[in-house]
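To start, the structure under review is shown below, and the notes come after it.
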Amino acid sequence: MLLYAVADIHGRSDRMAAIKSNLETYRPNVLIAAGDITQYRTLQIISELGDLSLPVLALRGNTDLKRVELQFALKENIFFLNNRDVTLQGVHFAGASGTIPVPFRSRIAFREKFIWKRLMPLMTPQTILIAHPPPWGCQDRVAGKYHAGCKSLERFIRDSQPALLICGHIHEDVGMACLGKTLIVNCAMGSCCEGAIIDIQKGRVTAKILKTNG
């Protein structure tokens with residue numbers, strides 16, 4: 001299976017144009033939108049995602065208000081991972097929706113213990129986990145200095161060791177790292193990144209960050 005993973009579209013038409021271009025180029029089986037799809041009130045992007053001809057796995061970030069959940073439900077190809085799981089083409093995905101608390105103020109932050117208690121029984125070594133923020137210490141540096149990831153997510157990954165975590169939120173630290181046996185991919189869109197292409201073959205996961213032409 002080939003995945004195209006993005007985060008932090010923030011309702012921007014130029015980022016949606018880049019997504020459509022990369023869909024044409026790489027022809028993935030699934031698109032993953034790991035939060036901050038909208039910018040509080042800009043819902044047009046959800047309509048555009050709903051018009052795509054492939055499954056879209058989506059979750060809320062800190063700029064996605066609760067009303068986006070209704071918009072997701074209206075689109076047949078969008079699967080909202082509201083702290084639950086889904087299996088597509090034999091690949092198991094689980095999602096932690098919302099901004100799990102991080103070391104700075106966020107308008108949307110869900111209860112950590114509730115999320116992990118619900119997700120832990122669903123996890124396997126083959127699971128693809130999707131969350132909006134990165135775990136503490138992995139692709140989470142702000143200003144090149146300060147860790148701003150989620151500590152409870154870091155503990156959860158160490159305990160459950162899924163095959164892959166797809167995240168975003170920290171635009172300044174796009175890239176890949178490993179946390180135990182888990183590959184961490186921060187695919188936040190921005191001035192230097194158009195997301196990530198992830199290939200899953202016989203349980204092996206490989207990924208590359210898509211750099212912008214600029």
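Laboratory data are not the source of any read-out in this text; all were calculated from the coordinates shown. Values in this document were obtained by computation on a predicted structure and should not be read as measured data. Every residue, glycine among them, receives a Cβ derived from its backbone with ideal geometry; neighbour counts consider all protein chains shown.
One chain, two ends: residue 77 and residue 172. Fully extended at 0.36 nm per residue, the span grows by 31.2 nm beyond their Cα-Cα distance.
Taking 0.36 nm per residue of separation and subtracting the Cα-Cα distance, full extension of the segment from residue 120 to residue 70 would add 15.4 nm. Taking a ≥ b ≥ c as the square roots of the eigenvalues of the alpha-carbon gyration tensor, region 2-211 is classed rounded because a/c is under 1.5. To the nearest 0.05, how large is the calculated FRET efficiency for residue 191 and residue 41 if R₀ is 22 Å and r is the Cβ-Cβ distance? Once rounded, the FRET efficiency stands at 0.40. For the chain, modelled as a GNM whose springs connect Cα atoms under 10 angstrom apart, the maximal fluctuation among 165, 43, 31 occurs at 43.
Using R₀ = 25 Å, calculate the FRET efficiency as 1/(1 + (r/R₀)^6) where r is the Cβ-Cβ separation of residue 13 and residue 212; round to 0.05. The computed FRET efficiency comes out at 0.95.
Within the straight-line cut-off of under 16 Å between alpha carbons, the aspartates and glutamates reachable from residue 181 are 154, 159, sequence neighbours fewer than 8 places apart in one chain being disregarded. Largest GNM mean-square fluctuation across 142, 56, 185, computed for the chain with C-alpha springs under 10 Å, falls on 142. Between rounded, prolate and oblate, where does region 141-214 land on the alpha carbon gyration tensor, with a ≥ b ≥ c its root eigenvalues, rounded for a/c under 1.5, else prolate if a/b exceeds b/c? Judged from the Cα gyration tensor, region 141-214 comes out oblate (a/c at least 1.5, b/c at or above a/b).
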